[in-house]
Structure formats: structure tokens, C-alpha cells
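To start, the structure itself, in C-alpha cells.
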Amino acid sequence: MEKLLEVKDLRTYFYTDDGIIKAVDGVDFSLDEGETLGLVGESGCGKSVTALSIMNLVPSPGKIVEGKIYFKGRNLLNLDEEETRKIRGNEISMIFQDPFTSLNPVFTIGEQIKEAIEVHSSGRACSATKSSKLDHYSSGPPVCLSQTSGGATKEQVFNRVVELLKLVELPFPEQYYRYYPHQLSGGMQQRAMIAMALSGNPSLLIADEPTTALDVTIQTQIIKLLQRLQARLNMSIILVTHNLGIVDEIAKSVIVMYLGRIMEYTSTEDLFKNPTHPYTQGLLNAIPGVHSESKEVPRLYVIPGTIGSPLNLPKACRFYPRCEKRMKICLQEEPPLKEVATNHLVRCWLA
Amino acid sequence: MIMWNYIARRLFMMIPVLFGITIITFIVIHLAPGSPTDIVAQAGPKVSFEARERLTKLYGLDQPLHIQYLNWLKRFIKLDFGSSFKDDRPVMEKILERLPATLFLEGLSLFLIFLIAIPVGVLSAARQYSIFDKFTTILVFIGVSVPSFWLALLLMISFGVKLNWLPISGMRSIGSEYLPIWARTIDYTKHLIMPVFVSAFGGIASLSRYTRAGMLEAIRQDYIRTARAKGLSENVVIYKHALRNALLPVITIVGFSIPGLIGGSFIIETIFAWPGMGRLGYLAIMERDYPLIMGVGAVAAFLTLLGNLVADILYAWADPRVRYK
Ligand SMILES: Nc1ncnc2c1ncn2[C@@H]1O[C@H](COP(=O)(O)OP(=O)(O)OP(=O)(O)O)[C@@H](O)[C@H]1O
Ligand SMILES: [Mg+2]
């Protein structure tokens, strides 16, 4: 089966006044249709930049300097601006960490979702497969918007917005249409963001820490919602998060990143059963309540040191300065990403 | 309904502020050296003494300051501004006949400031570090550094005296009322060009900077990334999503710029002999015409407060976060 997304040797660097920051430095991964991939790692390891690279939205002074991003067989990095915009918010959507700052404060929720629909509605082919995904579950009219030559009618768009708001389980969708972002709670704002992201029936949803800014009960609700939506719409999700608990809950496979590199890449099940990289082990040990066998250890494990400066990358293994199992060779040469078992990749000499 | 309550409350709150401003104005003019009776004194030492005494009594200047202020206030509350020392005409009448010229000049300047500064600021932000941006940065630097009186004199010398293209003073030429309408319009316009330009110049410079800064700030926000992630074109992202937000603080600037414009009108109207309230006030100060100074001061203060109120209402109307509180 063809992969939905295939990222090959992606390198995204920031050319700052202080030097080059290799935020993403040779990342390879792929994603099947309907699959959820977790992307974890400490702050600053390049998760968001990886996500933004797929959207081709890397902010300046950042640049994708190398790599290929195949989406449905097309290399996204070869597309021109116009073609890229047709995919953004349509076939690939993204939601962000802080829904409050991510929504424009001066437009209503409805206007903002409407805009996302309209920008992609004119001239879009009325593909039966695409719209049927949704129609199957919703009572509303078909989602195909290009029956009228100049795009969709006002009423069609309004109905579609309401339908999307229903889809993300917002109560009183007609009312929420007229609300401004600040009139909604954080969880509802994130639902609105998700509604907006779903407006084009995306095949891939990139969620960059979608629950980090929300409180715990709301976090669970949003994750559960994403799970339900994924099942309904059969879309793939790349979920960026710090929370391995969430990964365990919804991701099929996981990438553990450190300073722009993939350190471990395997199925979620495998990662929890058989964490191989010392960094992964450290992350898992740092979760409260996971290692309950060692009851005599009252304090939470902390990986020693902090993530180093992305400017002064060690010549060798990037985790070397903080690794508790470091050896001489780790300083001399960076380990390659090795397949230690089927579909279990680890970048460590010990593996 | 909430809006009307708000406006009423704000209008009510203007009263103490206005009251404070009149006290300060009153104290300052009495602290300043010189007195309304000085002019009479120039007639000669002998005549002057008695005349001075008589005038001092007549104007009530022999009374203690606080009594003088209270007397003024009592009349002011009844909207009676008193009469000018100079020609004994009611202050209100003198101000009202000059006010339209000032409002016209300043209104036009304000309009020009917005018309020019906002597009300039937006474009230089959208094309940060472009040649256009660098060029306007230099112009802005000149604009905020050049004193308006100096600019006025420079323009008068070059376009008025040397080139003789534009009239250097007044609102219209002598005898212009006998001209046909189109010629009269041209005559008015020619008289307007330099005063409007000078009074708008500094405002254009600073407002375009504010707009540029507001735009750059807006462009950095998360919702701009969201707008791009939706697949919107760069034009929609900048000129819809960023601009709407960048213009909010600009509205507040209207409020701030009004005192500057009114203050500037004293200088500009005097230099260009523009028959407005600013020139009236300037002359009143020179002649120590206390009732007229107080009257002009109170009207200027009222206009400033009104401008601020209008700016706040506009802001509340434009920003849903304030509107729905
Ligand atoms: N606009 C930028 N300019 C310069 N450097 C940047 C920029 N954005 C990101 N970086 C750098 O790229 C690296 C990776 O950042 P990224 O935002 O991807 O981290 P992250 O893994 O998403 O962290 P977090 O968990 O905090 O979101 C960081 O070292 C950061 O300093
Ligand atoms: Mg991030």
C-alpha cells in the first residue's frame, strides 16, 4: 500500500545572527492512511519545526534546506506557492498549542471557519469519495461545494460551518457561529480550531501539542474527540506532544526526537514494552506512576542536564552530554539509526 | 444600551477633568509676568498710574486670586465666558467665529494624516527592509525631528516668497469674494496647502511609524500562522487578518493626536495668519486678555476630551474583546 506521507532526509535550518540552528537535521518517517504518529521529545528538539516543514510554513529565518516530503506521491517541496496553498488547510491541516492566540480575536468563529471553507471551495472537484466520508455520519447536505460554478452559496457555506461545529461537538452551533474567540473557553476554542482544520476533509491532521495549554480534564476530552474524529473521517494524525500518556492512548507509532534527530522510532506498543534508547528510557522514567515496581523511589526521575544549545551540537551523539550510559565511541562517532527489530529504529551504539 | 450608559458616564467624568484644567490654566496665566493693564501703562507714567488703578478695579484684578477664579467659574457654569478685556465683546462670540476655521484646518490635517500614514505604514511593514521601507524611515525621521514652525518658515520662504506659488498668509485673498466660484475654490485651496501640510507633517510621520509597528506586531502573532495554515493567500493574510488587528491601536492614536493638533494650531495659525481659534488664543496670551485665554483654554480642553472619548468609543466598537465585556 502506498504511504500517505513519506518524509525523507528532511533538514530545516534556521539562519540566525548567532549561527545556524539545525532544528530538524535529517529526519525520515512515513505515515499510512488513518495512522496516528506521535512525535515526542523535550522542548526545542524540533517537533514543531518538523510539523511546520510539512505545511511548508517554516518561519524565517528558517529554511528547508534538504529533503523530500511525499504526500500522496507528490513531493510537497516541489510545489509552487499556489499549489501549496491548495493543500494547506484542505488536504493537510494543522492545529496549534494555544487555541486562544491561534484564533484571530477580531473575527467570529463562524467567519474564520467560513473563510477556510471558501478559500478551498471554488473550483474544487466534487469528489464522491471525499465528501462521502463525512456524509455517512452527518445528517446535513452533501459537503460538495463546487456544484455552483462560482463556489458555494452563502447558505451552503453556513450549513457546512454549522455541520463542522456539530462534528466537534460544540453545543448550539448556530450560536457559536457568532461568538468571538474570547467568549469561548480554552477547550471550546480548540474545538473551533479543529472544526476549522476539518473544513477541507483533510487526509492528514497535524496537531502540535493541541492540549498543552488546556487543563487536564479538557485535555482528555480533546484527545477523545480527536480519536473519534479520526475513526469517523479516516484521517491520519501527527500528534506532537510532551505527554507520553497521550501517545500511549492514541498513537500507533512514535518518534522520539532529540536536537533535530530521530533517536527512536517504533510502534507505541514496542516503545513502552521495550524502550531502547537511553533518552527514551529517561523520558519514560520521568512519567509519574509508570514505573510502579520501584516503589521505594519516592522522587520522580529527571534526565540530568538540559537540552543543549542547538548551535553547539556535539560532534558525536547529540545526547552524549546527558547520557548515563555514554561510552567512548559515542564521543567519536554519532551512531546511525539502526533497525534493532522489525520497524524498531534506534540511534544508539548500545542498541 | 450599555454603550449609551458608557458614553453618559464618560461625559460625566469629563467635568472634574475640565474643572482641573481650568484651575491650572488660571494659575499659570496669573503666575506669568505681565498684566492686562500693561498696555495702558505704555501711554506714559503719569496717566498710567490712575488708569492702571481704574482698570485693575474694573477687571476685578484687585481681588484675591481664588475669588477671581470663583467669579469666573460661577459664570462659566452658566456657559458665560465673560467679555474680552480688549474689545469687550463676549468671549464665546469671539471663539465661535474663529472655531470653524480651526476645525476645518485640523480636521483636514487629521484626515490627511490617516489617508497617508496608514497605507505608508502598512506597506513598509509588509515589505520590511525594502527600499520603500528604508526611504520612508528616513522621511519619518525627518518628519518627527523638524520643528513645525521652522518647516512653516522654510516653506513660506521657498514657495511663498521666492517662487511666489502660494500665498503666505490668511484664508483667502483680498477681494476673492468677487471671484467666480471655481476661482474662489482655487484661491482657498492655495491658502490651505501650506498650513495643512505643516500641521499634518509630523502626524503623518509618527502615525505611519505606529502603523508599521502595529503591523509588524500583528504579523508575528499566532493567528497569522493559522491564517496561512488555512491556505489563505498572503494578501488576505496581511491585508485582512493582520491589518484589522494592527488598526486597533491606531484608533487610540487619534485620541492622543488631538491635543498635539490643537497645541500646534496656536503656532501654525499664528505663522500663517490663519483666522482660527489658535491664533485668537495666541494673541489673547500676548495681550494678557484673561477671559479670552480662559475661554480658549476651556474650549481646547473640551475638544481634546471629546476627541479622546470618540477614540475610545471607536475602539470599543472595533474591538470585540472590549465590545462584549
Ligand atoms: N523562528 C525561529 N527562529 C530561530 N530559531 C527557531 C525558530 N523557531 C524554532 N527555532 C529553533 O528550532 C529548534 C526547534 O524548535 P521547535 O519549536 O521545533 O521545538 P519543539 O520541539 O517544538 O519544542 P516545544 O516542545 O517547546 O514546542 C529550537 O532550538 C529553536 O530555537
Ligand atoms: Mg513546539
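For chain A, the convex hull spanned by the alpha carbon atoms encloses 152 Å³ per residue. Label-to-label distance for A:Glu324 and A:Arg232 is 4.4 nm, based on points extended 7 Å past Cα in the beta-carbon direction. Annotation: amide H-H contacts under 5 Å for A:Lys338 (H modelled 1.01 Å from N, sequence separation of 5 or more, or interchain): A:Val346, A:Arg347, A:Cys348. Remark: the Cα gyration tensor places the range A:151-230 in the oblate category, a/c being 1.5 or greater and a/b not exceeding b/c. Cross-link partners of A:Lys325 among lysines, defined as those whose alpha carbon lies under 22 angstrom from its own and excluding same-chain residues fewer than eight positions apart: A:Lys273, A:Lys315, A:Lys338. In order along the range B:229-237, the Karplus-derived 3J(HN,Hα) couplings, from 6.51 cos²θ - 1.76 cosθ + 1.60 at θ = phi - 60°, round to 5, 6, x, 5, 6, 4, 4, 5, 4 Hz, and Gly and Pro are given as x.
When the label point is put 7 Å from the Cα of A:Ala286 along its Cα-to-beta-carbon vector, which residues of the range A:10-50 have a backbone N closer than 19 Å? Backbone N within reach: A:23-24, A:38-50. Within the same chain, lysines fewer than 8 places from B:Lys94 are excluded, and of the rest, those with a Cα less than 19 Å from its Cα are B:Lys78, B:Lys86. Taken along its principal axes, the alpha carbon cloud of the protein assembly as shown reaches lengths of 117, 62, 53 Å, longest axis first. Spin-label pair B:Met286-B:Leu31: with each label point 7 Å from Cα along the Cα-Cβ axis, the two points sit 2.5 nm from one another. Whole-percent P(r), chain B, all Cα pairs, 20 Å bins from 0: 25, 48, 23, 3, 0. A simple charge model with +1 on the Cβ of Lys and Arg, -1 on the Cβ of Asp and Glu and nothing else charged puts the dipole of the protein assembly as shown at about 720 debye relative to its Cα centre. Positive-end ranking of A:Leu244, A:Gln183, A:Gln227 along the dipole of the range A:159-262, with charges on Cβ about the Cα centre, is headed by A:Gln227. In plain terms, the chain from A:Ile20 to A:Asn274 could stretch by 87.9 nm, reckoned as 0.36 nm per residue minus the Cα-Cα distance.
P(r) for the range B:2-77, from all Cα pairs and a bin width of 10 Å, is 16, 33, 24, 14, 8, 4, 1 %, short bins first. For the range A:1-74, the spherically averaged projection of the C-alpha convex hull amounts to 5.2 nm². Less than 19 Å from a label point 7 Å out along the Cα-to-Cβ axis of A:Leu331: which backbone N atoms in the range A:246-277 qualify, by residue? Flagged as within label range: none. Charging the Cβ of each Asp and Glu at -1 and of each Lys and Arg at +1, and nothing else, the dipole of the range B:99-318 about its Cα centre rounds to 740 debye. Working from label points 7 Å from Cα in the Cα-to-Cβ sense, the B:Phe49 to B:Ala8 distance is 6.2 nm.
Think of each Lys and Arg Cβ as +1 and each Asp and Glu Cβ as -1; about the Cα centre, that makes the dipole of the range B:47-176 roughly 80 debye. Do you know the relative contact order of chain B, to the nearest whole percent, from alpha carbon pairs under 8 angstrom that are 6+ apart? With pairs under 8 Å counted, the relative contact order is 25 percent. Since only B:Ile15, B:Phe49, B:Ser35 are under comparison, the one whose Cα sits farthest along the positive direction of the charge dipole of the range B:2-77, derived from C-beta charges on Lys, Arg, Asp and Glu, is B:Ile15.
Ordered by the number of other Cβ atoms lying within 10 Å of each residue's own Cβ, fewest first, B:Arg98, A:Arg322 fall into the sequence A:Arg322, B:Arg98.
Straight-line cross-link partners of A:Lys86 among the lysines, defined as a Cα under 23 Å from its Cα and at least 8 positions apart when in the same chain: A:Lys3, A:Lys8, A:Lys63, A:Lys68, A:Lys72, A:Lys114, A:Lys130, A:Lys133, A:Lys154, B:Lys230, B:Lys240.
Quick note: the coordinates plus some simple rules give every number you see, no bench work behind them. All values derive from a computational prediction rather than experimental measurement. Heads up, the Cβs are rebuilt from the backbone with ideal geometry, glycines too, and the neighbour counts pull from every protein chain shown.
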